[in-house]
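Notes follow once the structure below has been shown.
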Amino acid sequence: MTEPTPRVTHHAASRAEVPRSEAEVRARTESLGEVFASFSRNLSDLMRQEVQLAKAEAAQSARQGGRGAGMLAGAAVGGFLALLFLSLALMWALGAVMHLGFAAVIVALIWAAVAAALAMSGKKQLENMKGLPQTQDTIGDIPPTLNPNKETP
């Protein structure tokens, strides 16, 4: 004779088949105070990490800005020395064929163009600073419920 199989109701079978998620287990085992404490701790960690990221990116941008400023300073010193020594030499050479005052003006205009080209190069370096792109991207990942400027779905 065959043994009768135990009858399993649909409700009991479905309860046994569906594994509980971590959130469900926590909701059943933790108090509301523990959930809020965990939330607060996680939010504090997130904010601390964002501040650390912002500091790192700001330091990197400052270094790039320092390099650009150094190039501008180098352009200024180079422009000054070039104007001083080459202007004198070229001025005396041109002074042989024209009045010395006109020769000085021509030389000064030539070296002013060189200094302007160096300054534009330094300015371009400063414009290429990226700011804090990674921080801006990760700030966008903060849940909308924590951002008062966005409507919560």
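The values are calculated or read from the model by the stated rules, or taken from the named source; none is laboratory data. All of these numbers come straight from a predicted model, not from anything done at the bench. Cβ coordinates were reconstructed from backbone atoms using ideal geometry, including for glycine residues, and neighbour counts include every protein chain displayed.
Within segment 39-65, work out how many residues are under 15 Å from Asp137 (Cβ atoms) and over 17 Å from the mean Cα position of the chain (by Cα).
Total satisfying the criteria: 1.
Looking at Glu34, Glu22, Glu50 in this structure, which one is surrounded by 12 or more Cβ atoms within 10 Å (Cβ to Cβ) and either more than 18 Å from Ala117 (Cα to Cα) or in contact with a strand residue (DSSP E or B) (Cβ under 6 Å, 6 or more places away or on another chain) (or both)?
Numbers: Glu34 fails: surrounded by 12 or more Cβ atoms within 10 Å (Cβ to Cβ); Glu22 fails: surrounded by 12 or more Cβ atoms within 10 Å (Cβ to Cβ).
After ruling out the rest, the residue left standing is Glu50.
Please find, among Pro148, Pro144, the residue that is in contact with a Ser or Thr (Cβ under 6 Å, 6 or more places away or on another chain) and either surrounded by 14 or more Cβ atoms within 10 Å (Cβ to Cβ) or modelled with pLDDT under 75 (or both). I'd like the intermediate steps shown before the answer.
On the way: Pro148 fails: in contact with a Ser or Thr (Cβ under 6 Å, 6 or more places away or on another chain).
Just one listed residue meets the conditions, Pro144.
Could you pull out the residue among Gly78, Gly70, Gly65, Gly74 that is without any contact (Cβ under 8 Å) to a residue 12 or more places away in the chain, out of contact with any Lys or Arg (no Cβ under 8 Å at 6 or more places or on another chain) and either under 21 Å from Met120 (Cβ atoms) or surrounded by 12 or more Cβ atoms within 10 Å (Cβ to Cβ) (or both)? Let's see the steps before the verdict.
Numbers: Gly78 fails: without any contact (Cβ under 8 Å) to a residue 12 or more places away in the chain; Gly65 fails: without any contact (Cβ under 8 Å) to a residue 12 or more places away in the chain; Gly74 fails: without any contact (Cβ under 8 Å) to a residue 12 or more places away in the chain.
Going through Gly78, Gly70, Gly65, Gly74 in turn, just one is without any contact (Cβ under 8 Å) to a residue 12 or more places away in the chain, out of contact with any Lys or Arg (no Cβ under 8 Å at 6 or more places or on another chain) and either under 21 Å from Met120 (Cβ atoms) or surrounded by 12 or more Cβ atoms within 10 Å (Cβ to Cβ) (or both): Gly70.
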